Structures are given as C-alpha cells and as structure tokens.
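Okay, structure first, notes after.
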Amino acid sequence: MKTIFITGASSGIGRETTKYFAAQGWRVIATMRNLKKAGDLETLPNVTIMPLDVTDTEQIRQTCRKALAEYDIDVLLNNAGYGIMAPFERIPESEIRKLFETDVFGTMFVTQEFIPHFKARRSGAILTTTSLAAIIGLPRDGAYGAAKRAQQGMVESLYYELKPFGVAVKAMIPGGTKTNFQTPLNDLTGYEKIAANQRKYLLAGNAEFPEATEAAKIVFEAATDGKDQINYPTDSVCKKLYEQYQSMGLESFKIYFSGLLYEVTT
Ligand SMILES: NC(=O)c1ccc[n+]([C@@H]2O[C@H](COP(=O)([O-])OP(=O)(O)OC[C@H]3O[C@@H](n4cnc5c(N)ncnc54)[C@H](OP(=O)(O)O)[C@@H]3O)[C@@H](O)[C@H]2O)c1
C-alpha cells in the first residue's frame, strides 16, 4: 500500500487531500497541531493521525521519525501554512518572524527529516504547497510572498539535489481555493481599492473560489503521474494567472497587472 505523510491535515487542502488519497486506496499519515480537529478523518480506513506543530522542532523530529520507522513513506506533502496580508511597512516584526517559523522553517525542518529516507529508497516524492505568491508578487504579500518564495526556492534547489536519487520534488501552487486559509493579519489600509480589484480579477465573475477537492486531485496527479515537472497550479484561479505570467514574463506582466489593479473600476 502506498503511503503519504501530510502536514496541516486538519483543514482545507490538507484535509481534502487526506480524504482523496484514502479514497484511492493509499495509507495517509495525516498530521495536525490540534488533534481535536481530526473529526471524521479518524474513521477513514488507513488514515493514521499524528500530532505535528511545524514550529515545534522537537515534535518534528519525534513525529517524522516515528512515521518513518513504522511506514515506508512514498510521498511527503508539506502543506501546513498560513498567510498575512498587509502593506509591507505596517507588518510588525513579530508577525514576520512567526510567519517564517511556520511557512519557511517548519517546512524546511520537516523536509530535512525525510531526505535521508528518500535518498536511501531511491524513489518517492516531496511535494510542497507553495502559492501563486511564490511565483507572482502581489500587493500586501511582501512577507507572505517572501515566505512562499523561500519554500519555492527550497523546492527548485532540491529538485536538482534529489534528481540523481530518483526522488521527485514538486510545488503544489494554489492561487485561490476556498478553505479556512488563515490571515491573522489582514490590513487593507490605503490599498482598499486595489485589493478589491485584485479579488474581482481572481474571482473572474464567480461568487466563490474553487473547492479544495480541486486541489486534492492535482496533488494526487503530481504524486502519481511520473512526470518530470516542478510546478502544478492546483486551482483554476492559479492556472489562469500562472499561464499569463509565464507567457508574458515579469516586465510585461507588471504593466498588464498594474492596469488591472489601478484602472479597473469596481
Ligand atoms: N487557499 C488558498 O487559496 C491558498 C493560496 C495559496 C497558498 N495556500 C497554501 O495552502 C496551504 C494549505 O492552506 P489552506 O488554504 O488549505 O488553509 P487552511 O484550511 O487554513 O489549512 C492550513 C493548514 O495548516 C495548518 N497549520 C497552520 N500553522 C501550523 C503549524 N504551526 N503547524 C502545523 N499545522 C499548521 C492549519 O492547522 P489548524 O487547523 O490547526 O490551524 C491547517 O491544517 C498553506 O500552506 C497555504 O499557505 C493556500
């Protein structure tokens, strides 16, 4: 039986991915910082719940080592994370440090625990949920985008390091998925209009962002397609912008996107 280890499985993309892989006959080690949130995941066949707060380095060591000792893990999904959105000059140092502890350092230290296993095994995949903000700089994402670009940098570097060992390294890239995506800091001061324009553009006439089930299917594809591909947009919102950005390049895209942000009337 194939096995995936997921961080941040208590909600959103991590939770739906847990359900999707379990339904495809995989064993899922669903980790979360608050075990009380496991709910119906506990009743699913072949789902094992383990505690993991990715800011707790001792717990990272314990949980990853326990899971690796008990199961032959095929796929790691680094998914735990959250965002803060605010004009850059208004983001407190403490919020930036907290964000990096989770999104950057947590992801890095979990990944380090798994690398020797995958190298020895000479197969498997390390998937990391980065963000469209890891690819495209968006206003009020100065800290979040930097954290997600750090994850993306780790992914792209590891791709080369682990290629000779037959280990795939891929980025799962959401752009707008309907989840409990947490923004403990969401400050619009002075940027209310462009934030509204950005949201309108991302929604593209839809009332809501796509469900996390859409992302779960793409994660499964990335884990099983055998393709030599790094980036996987996981929702239709991301796919559209990602493709525009790739075809235009930064300098043309910035003109196009500035037009949308500053000239579209709401
Ligand atoms: N939704 C989007 O549009 C979007 C866009 C770009 C990137 N992403 C990325 O997608 C990933 C999943 O987010 P989501 O959208 O599914 O939001 P979500 O529903 O809030 O899920 C985030 C998960 O991360 C967990 N988490 C947060 N801090 C943690 C910590 N210190 N240790 C362990 N787990 C922690 C949360 O646990 P609790 O339930 O305990 O809080 C939750 O399980 C994140 O990395 C996020 O940055 C999402």
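The values are calculated or read from the model by the stated rules, or taken from the named source; none is laboratory data. Since we're looking at a predicted model, the values are computed, not measured. Here the Cβ is made from the backbone with ideal geometry for all residues, glycine too, and neighbour counts use every protein chain on show.
Side notes on the structure shown:
- Within region 155-206, tally of residues that are acidic (Asp, Glu) and either in contact (Cβ under 8 Å) with a residue 60 or more places away in the chain or in contact with a Gly (Cβ under 6 Å, 6 or more places away or on another chain) (or both): 2
- Within region 1-34, the only residue that satisfies the criterion of being out of contact with any strand residue (DSSP E or B) (no Cβ under 6 Å at 6 or more places or on another chain), within 16 Å of the ligand (Cβ to nearest atom) and farther than 24 Å from Gly176 by Cα is Asn34.
- The residue that is nearest to Glu93 (Cα to Cα), counting only those in region 155-192 that are assigned to a strand (DSSP E or B) and more than 16 Å from the ligand (Cβ to nearest atom), is Val169.
- In summary, Leu138 fulfils each of the numbered conditions (1) outside any loop (DSSP other than H, G, I, E, B); (2) in contact (Cβ under 8 Å) with a residue 60 or more places away in the chain with the single exception of condition (1).
- Candidates Arg97, Arg61: the one that is among the basic types (Lys, Arg), touching an Asp or Glu at 6+ places or on another chain (Cβ under 9 Å), modelled with pLDDT of 95 or more and within 16 Å of the ligand (Cβ to nearest atom) is Arg61.
- Filter pass, Ile84 being under 30 Å from Ala195 (Cβ atoms) and either surrounded by 14 or more Cβ atoms within 10 Å (Cβ to Cβ) or modelled with pLDDT under 95 (or both): yes
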